[in-house]
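Student: After the structure tokens below, expect a handful of questions from me.
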Amino acid sequence: MNMKKWNKIIALLMSALFFTAFSIPVYAEEASSDRTPSGIPYTQLEQEIDNYVNSYIGKSTPGAAVVVTRGDEIIFSKGYGYANMEKQIPVDTANTVFGYGSINKLFVWASIMQLVEEGKMELDQDIRAYFPQEFAEKLRYDKPITLLDIMSHTAGFEEYSGGLFIKSSEKLESLEKVLLSSQPEQIFEPGKVMSYSNFATALAGFAVEEVSGEPFSDYEMKRILRPLEMNHTSGHPTLADHRDLQDAEATGYAITAKGGFEPRAHYYIPFYPAGAMKGTAEDLARFAIALTTADSPLFAKQQTLQTMLTQSYTPHKDLLSNAHGFWEYNAQPRTVGHSGGTMGFSSNFAVVPEEKLGVVVLTNTEGERDIVPSLIDLLIRNKAKELVQPSKNLPPSSEVAGHYVLSRNTFTTVQEFMGYLTLVNLEAKGEHDLTLTGRGISGEYKQISPYVYKLDKTNSKSIQMSAPMLYAEKSEGKVTRLSGGQAMDMLPLKPSRSVPALISYLIVAAIAIVFFLLAPLVLIIRLLQWKRKGISSSSTANHLSAGVIVCGTALVLNVLFLLLNAIGNQNVTTNQLNYGIIMNWILAMLAGLLLVISILKGRHHPQSKVQKVFRMATAVLLVGFIVLLADWKFFHLIA
């Protein structure tokens with residue numbers, strides 16, 4: 001081959017290499033812009049969403065609405081299944097009204113940022129400036145609670161003890177009266193523990209009322225819903241400002257034990273800024289557009305929107321956490337949003353500011369576990385597994401291992417026991433890693449830096465969403481909290497609530513309950529035997545002993561009723577719980593009085609060995625049971 005031919009071939013190869021080198025980046029950029037962050041081509045968006053959602057319709061929920069926004073327009077909008085199964089009414093994303101649940105909270109945070117922008121509120125101001133003195137009197141810590149604390153759910157309040165739902169609109173009161181009449185205890189120092197709080201969010205809504213001079217539902221209607229043309233949405237607890245929406249409401253369902261669906265009763269939410277909002281999927285998509293557009297109608301300054309979506313709190317620099325009330329999702333590019341769950345409905349909402357992308361997912365089933373948590377993940381999350389090289393000199397995980405209780409619980413009321421029904425257990429795996437189990441879920445974590453653990457394996461979607469990382473915060477050599485940066489922390493057990501202590505309490509309670517449920521039958525049998533033998537049982541001591549047992553039995557039955565109400569009644573009120581607590585006082589005092597008198601009277605009457613043992617057992621179990629009830633707040637009236 002001569003030199004000219006070689007030169008031509010070399011020139012062609014160089015041209016090809018040059019073209020390839022400069023065309024690949026252009027192609028990659030175009031491909032990226034034409035795909036979702038998870039890599040799905042937008043041209044295949046409908047097919048992918050259809051395939052995923054349709055596989056769960058009729059199984060995990062009767063109906064669903066999905067809307068995707070990009071830039072300033074809706075690029076996908078589709079309803080699936082039924083808004084009402086019985087009437088076979090299909091879901092319509094433009095007209096079917098769903099319960100948004102806690103997505104409502106984002107409208108509270110947007111309202112606050114509007115007022116901050118106008119100079120009428122300050123994020124780091126003591127919230128006591130907005131409330132009556134009677135509110136401040138119930139606070140335990142001198143350290144002020146700020147709006148930022150409320151946004152990050154670190155205000156320090158325990159979980160509200162009463163029901164979050166009521167069945168009658170006639171029982172609805174003003175937001176101020178609801179908040180001041182049912183204020184939960186502040187049990188954590190502000191900024192120290194993350195504990196998701198509907199009460200604190202409603203407080204923030206009330207602060208908006210105080211500053212704006214109008215009810216919160218009126219404020220959000222005028223300042224957010226109407227400007228965004230969300231004409232099929234209302235935040236009023238009874239839809240009083242939008243009665244026409246009632247006819248378009250989807251029926252909310254719960255999954256039955258057999259796997260079917262049953263309609264949920266209609267309800268109202270007294271803490272309405274925290275989750276009473278109802279509307280259509282396309283309306284909620286307009287809110288997503290307002291959060292991702294270059295010129296948001298929500299704020300006068302674009303910087304306010306950017307600030308709102310910027311991280312404002314995290315327990316540790318390596319953890320995703322909170323952006324002025326928006327939760328940071330485990331996704332790339334950076335994604336923020338909020339899920340929602342209320343009676344009969346489940347929802348999810350996410351925006352990707354960098355991609356100007358928004359995703360809305362609404363379903364009419366409470367606790368929906370497939371479409372709601374995973375569809376956003378399907379569209380946004382980069383599936384490539386990030387390789388992390390653990391740092392050196394890692395501490396042993398045995399320092400973190402142990403049992404933990406979730407911070408989102410009540411610790412000063414009769415409902416405290418509920419938090420200890422599902423403890424989280426962390427066991428050391430090897431020298432540096434951890435295994436988490438509890439609440440029917442499990443996960444394995446690898447320690448990547450001192451006291452920071454990254455999720456490696458799990459069988460739970462909820463762990464993937466809420467705890468992709470864990471941070472063990474220590475003080476004076478002890479773990480003070482274990483945080484995933486989302487919603488609530490895990491707290492180490494106090495000595496009085498250690499696992500051995502809990503087991504001993506359970507044994508004492510079980511013995512006392514069985515004894516006082518069976519003792520009346522024993523008394524009846526003995527009474528019948530005495531009558532057959534002609535033996536008199538009319539002594540005062542015998543009557544008093546019988547009275548002690550009757551009171552003890554009544555106390556046990558009342559406690560069991562209280563427990564069933566606390567666990568199974570979502571509509572239980574603090575008044576209902578207090579009635580039961582007052583009955584505990586009456587029965588315990590009466591039983592104690594009868595016990596003392598029976599002991600004094602019994603000294604003057606001969607007793608058989610069996611009678612002495614029986615009465616001694618009665619006394620010991622009654623006193624032990626009452627002491628146990630006192631320790632677990634069964635005599636503590638809820639303020």
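Student: If you take the residues in region 475-506 that are of a type in the set (S, T, Y) and not in a helix (DSSP H, G or I), which one is nearest to H338 (Cα to Cα)?
Tutor: Only one residue tops the list, namely S483.
Student: Go through the residues of region 364-382 one by one and say whether even a single one is touching a Phe, Trp or Tyr at 6+ places or on another chain (Cβ under 7 Å), in a strand (DSSP E or B) and modelled with pLDDT of 95 or more.
Tutor: Looking for residues that are touching a Phe, Trp or Tyr at 6+ places or on another chain (Cβ under 7 Å), in a strand (DSSP E or B) and modelled with pLDDT of 95 or more, one finds at least one in region 364-382, hence yes.
Student: State all residues of region 175-208 that are of a type in the set (S, T, Y) and touching an Asp or Glu at 6+ places or on another chain (Cβ under 9 Å); if no residue qualifies, say none.
Tutor: Across region 175-208, the qualifying residues are S181, S195, Y196, S197.
Student: OK, next. It is to be established whether one or more residues within region 331-338 are under 30 Å from K167 (Cα atoms), crowded, with 18+ Cβ neighbours inside 10 Å and modelled with pLDDT of 95 or more.
Tutor: Looking through region 331-338, at least one residue is under 30 Å from K167 (Cα atoms), crowded, with 18+ Cβ neighbours inside 10 Å and modelled with pLDDT of 95 or more.
Student: In addition: Only one of (1) crowded, with 21+ Cβ neighbours inside 10 Å; (2) at pLDDT below 95; (3) among the small types (G, A, S) fails for S391. Which number is that?
Tutor: Going through (1) crowded, with 21+ Cβ neighbours inside 10 Å; (2) at pLDDT below 95; (3) among the small types (G, A, S) one by one, S391 breaks only (1).
Student: A follow-up question, please. Go through region 207-262 and give me each residue that's among the polar types (S, T, N, Q) and either surrounded by fewer than 21 Cβ atoms within 10 Å (Cβ to Cβ) or in contact with a Phe, Trp or Tyr (Cβ under 6 Å, 6 or more places away or on another chain) (or both).
Tutor: If the condition is that a residue be among the polar types (S, T, N, Q) and either surrounded by fewer than 21 Cβ atoms within 10 Å (Cβ to Cβ) or in contact with a Phe, Trp or Tyr (Cβ under 6 Å, 6 or more places away or on another chain) (or both), then S212, N231, T238, Q246, T251, T256 are the ones that fit.
Student: For E209, state whether it is out of contact with any strand residue (DSSP E or B) (no Cβ under 7 Å at 6 or more places or on another chain), free of Cβ contacts under 8 Å to residues at least 40 places away in the same chain and under 18 Å from D126 (Cα atoms).
Tutor: yes
Student: Continuing with the same structure: With the requirement that a residue be over 19 Å from D50 (Cα atoms) and surrounded by 16 or more Cβ atoms within 10 Å (Cβ to Cβ), what does region 64-88 give you?
Tutor: Correct list: N84, M85.
Student: A further question follows. Can we say M121 is under 22 Å from L305 (Cα atoms), touching a His at 6+ places or on another chain (Cβ under 7 Å) and surrounded by 17 or more Cβ atoms within 10 Å (Cβ to Cβ)?
Tutor: no
Student: Does region 293-311 hold any residues that are in contact with a strand residue (DSSP E or B) (Cβ under 8 Å, 6 or more places away or on another chain) and crowded, with 22+ Cβ neighbours inside 10 Å, and which are they?
Tutor: Within region 293-311, M308 is the sole residue that qualifies.
Student: Let me ask you something else. Restricting attention to region 124-160, and to residues there that are among the basic types (K, R) and part of a loop (DSSP other than H, G, I, E, B), which single residue is nearest to S407 (Cα to Cα)?
Tutor: R140
Student: Still on this structure: Go through (1) touching a strand residue (DSSP E or B) at 6+ places or on another chain (Cβ under 8 Å); (2) free of Cβ contacts under 8 Å to residues at least 60 places away in the same chain; (3) closer than 22 Å to S174 by Cβ for H236 and report which single condition fails.
Tutor: Only one criterion is unmet by H236, namely (1).
Student: Given the condition within 20 Å of T573 (Cβ to Cβ), at pLDDT 90 or above and out of contact with any strand residue (DSSP E or B) (no Cβ under 6 Å at 6 or more places or on another chain), answer yes or no: does some residue in region 126-148 qualify?
Tutor: No, that holds for no residue.
Student: Mind telling me which of the residues G79, G163 ends up being on the phi < 0 side of the Ramachandran plot and part of a loop (DSSP other than H, G, I, E, B)?
Tutor: G163
Student: Criterion first (within 23 Å of I513 (Cβ to Cβ) and in contact (Cβ under 8 Å) with a residue 24 or more places away in the chain) does N578 satisfy it?
Tutor: The answer is yes for N578.
Student: Sticking with this one: Against the conditions (1) under 30 Å from I40 (Cβ atoms); (2) more than 18 Å from the chain's Cα centre (by Cα), where does G367 fall short? Just the number, please.
Tutor: Unmet for G367, out of (1) under 30 Å from I40 (Cβ atoms); (2) more than 18 Å from the chain's Cα centre (by Cα): (2).
Student: Another one. Hey, among the residues in region 223-251 that are farther than 16 Å from R286 by Cβ and of a type in the set (D, E, K, R), which one's modelled with the highest pLDDT?
Tutor: So the residue we want is E249.
Conditions (1) assigned to a loop (DSSP other than H, G, I, E, B); (2) among the small types (G, A, S); (3) assigned by TED's automatic domain parsing to the domain that holds S182, marked per residue:
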| position | (1), (2), (3) |
| --- | --- |
| V53 | no, no, yes |
| V66 | no, no, yes |
| A83 | no, yes, yes |
| T93 | yes, no, yes |
| V108 | no, no, yes |
| E122 | yes, no, yes |
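The values are calculated or read from the model by the stated rules, or taken from the named source; none is laboratory data. Predicted model only: the values in this text are computed from it and were never measured. Cβ atoms come from the backbone with ideal geometry, glycine included; neighbour counts cover every protein chain shown.
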